[in-house]
Amino acid sequence: MTERRSARETVALVADGSAFTELPAPPGEPGPDGPLRWPGYDASRARAAERTGERESVVCGTARVEGTRAVLIAFEFGFLGGSLGARTGDRLEAAYTYAREHRLPVVALVATGGSRMQEGMVALTQLQRVARQSVLTREAGLPQIAVLRDPTTGGGWATLGAGADVALALPGAQVGFAGSRVRPADADPAAYTAEAQVAAGAADAVVRPGELRRTLGRWLRLLTSPSAEPATPPEPLGARDLPATGWDAVQRARSPRRPRATAYLDAYFTDRLAISGDRCGGTDDGMLCGFGERDGRTVAYAAQTGTATHPAGYRTAARLIRLADRLGIPVLTLVDTPGAANDAEAERQGAGAAIADLFAAVAGARTPVTTLVIGEGGSGGALALAAPGNTWVTPDSYFSVIAPELAAAILKRPAREVEATADRLRVRPQDLVELGVVRGTVGW
């Protein structure tokens with residue numbers, strides 16, 4: 001279990017100096033013992049206020065985080081377990097409204113056990129209010145970042161936490177929809193942790209408290225730097241000469257010595273942070289996604305690493321592109337895959353639907369998307385990540401309707417004709433330029 005801090009201690013952990021300006025609480029007072037007239041509810045609230053010094057379970061205000069001004073929403077778990085009631089909803093709605101009016105990102109420092117029992121369905125419906133405010137803020141093109149503290153469960157996780165654009169978690173924090181008192185008796189407690197949620201693709205990273213301010217500051221800087229200019233394709237890091245034959249192109253792209261996505265990203269960006277997971281229960285190490293700084297401006301990236309891409313990888317890339325599109329950030333994609341994963345598990349995980357969703361995300365993006373093929377461009381599993389009209393290739397790459405070996409098999413040609421098939425498919429960089437399917441070869 002991670003160390004528990006109060007709302008104001010957590011604000012102090014992330015805010016620059018002591019400059020936190022609290023937003024005024026919305027006017028009005030709850031009726032006697034709340035909307036259900038729950039016996040003793042007023043007394044419980046009074047004890048919580050005396051114990052914590054707060055009048056509600058959230059503290060909202062503005063502060064700078066590593067120089068970037070943001071609206072901070074900090075939950076006070078000591079106040080009735082950080083639970084959401086009607087007055088909590090009032091404060092949250094006011095905070096989101098202020099963020100939109102002043103064009104500020106929202107950082108939610110979440111620690112909650114869920115909805116408040118003493119307010120019944122009135123409390124539960126606050127989740128709809130929060131969801132509406134989150135949607136309006138998303139439509140306004142403002143980023144939302146969640147920090148998952150201990151615990152983050154129930155409706156708070158299912159709205160402010162899991163609904164954020166980027167979800168960071170403190171080590172060992174209890175994170176899950178089901179709180180500890182409502183889970184099956186035989187439930188594995190390890191499944192309800194920050195680390196498990198990252199592994200399942202529901203959160204992006206675990207961040208130690210001592211690194212939280214700097215990490216939040218980097219994220220805020222990257223996500224609040226829109227640009228209308230498209231990303232420039234990276235310079236080639238490998239071979240500079242063009243291949244003589246189609247089979248030469250295939251062999252060069254498959255060489256273990258050829259530079260891969262990580263080398264290109266390291267050379268291209270001065271700083272970058274990754275998002276992880278498809279928010280549907282999956283991750284794929286073969287698809288690297290995130291935001292980086294290039295020449296003082298932010299560029300989003302989705303990069304294949306040379307392996308077969310799994311459905312979770314395509315969904316993560318689609319998530320990245322849609323987020324960048326909402327924030328007005330240009331996108332760079334790096335294509336390098338022999339093709340989409342084609343095993344039975346990939347089919348069960350919805351390979352076709354995931355690829356279709358990525359095609360749609362690229363096609364629908366209003367922000368400029370730039371693509372560089374840095375290795376293998378295998379069939380639709382590669383094309384889904386490619387920008388129509390703005391795709392480039394490196395000299396040691398190829399792009400093909402399908403791998404030459406598989407093309408020969410489909411056409412019922414013997415193995416000895418694989419190399420000739422590669423030539424006939426016209427997969428070389430110079431062939432692709434001549435065919436008009438790419439804009440050019442970088443470095444030429």
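The values are calculated or read from the model by the stated rules, or taken from the named source; none is laboratory data. Since the model is a prediction, treat every value here as computed from it, not as a measurement. Heads up, the Cβs are rebuilt from the backbone with ideal geometry, glycines too, and the neighbour counts pull from every protein chain shown.
Quick look at the numbers
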{"quantity": "Residue satisfying condition, being in a loop (DSSP other than H, G, I, E, B), surrounded by fewer than 16 Cβ atoms within 10 Å (Cβ to Cβ) and assigned by TED's automatic domain parsing to the domain that holds Thr137, within set Glu29, Glu54, Glu50", "calculated": "Glu29"}
{"quantity": "Single match in Ala131, Ala108 (criterion: in contact (Cβ under 8 Å) with a residue 24 or more places away in the chain and surrounded by 22 or more Cβ atoms within 10 Å (Cβ to Cβ))", "calculated": "Ala108"}
{"quantity": "Identity of the residue in the range 164-214, assigned to a helix (DSSP H, G or I) and closer than 22 Å to Ala12 by Cβ, that ends up nearest to the chain's Cα centre (by Cα)", "calculated": "Ala194"}
{"quantity": "Single residue of Arg257, Arg294, Arg279, Arg240 found to be more than 28 Å from Gly350 (Cβ to Cβ), surrounded by 16 or more Cβ atoms within 10 Å (Cβ to Cβ) and either of a type in the set (D, E, K, R) or in contact with a strand residue (DSSP E or B) (Cβ under 9 Å, 6 or more places away or on another chain) (or both)", "calculated": "Arg294"}
{"quantity": "Check on Phe75, at pLDDT below 95, touching a strand residue (DSSP E or B) at 6+ places or on another chain (Cβ under 8 Å) and of a type in the set (Phe, Trp, Tyr)", "calculated": "no"}
{"quantity": "Filter result for Ala167 (free of Cβ contacts under 8 Å to residues at least 24 places away in the same chain and in the same structural domain as Ile73 (by TED's automatic domain parsing))", "calculated": "no"}
{"quantity": "All positions within the range 70-80 that are buried (at least 21 other Cβ atoms within 10 Å of the Cβ) and either over 21 Å from the mean Cα position of the chain (by Cα) or among the basic types (Lys, Arg) (or both)", "calculated": "Ala74, Phe75, Glu76, Phe77, Phe79, Leu80"}
{"quantity": "Residue check for Thr224: closer than 23 Å to Arg322 by Cα and in contact with a helix residue (DSSP H, G or I) (Cβ under 9 Å, 6 or more places away or on another chain)", "calculated": "yes"}
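Here is a yes/no grid of residues against (1) free of Cβ contacts under 8 Å to residues at least 60 places away in the same chain; (2) in contact with a strand residue (DSSP E or B) (Cβ under 9 Å, 6 or more places away or on another chain):
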position	(1), (2)
Phe177	yes, yes
Arg183	yes, yes
Ala202	no, yes
Arg208	yes, no
Leu223	no, yes
Ser227	no, yes
Ala231	no, yes
Pro234	no, yes
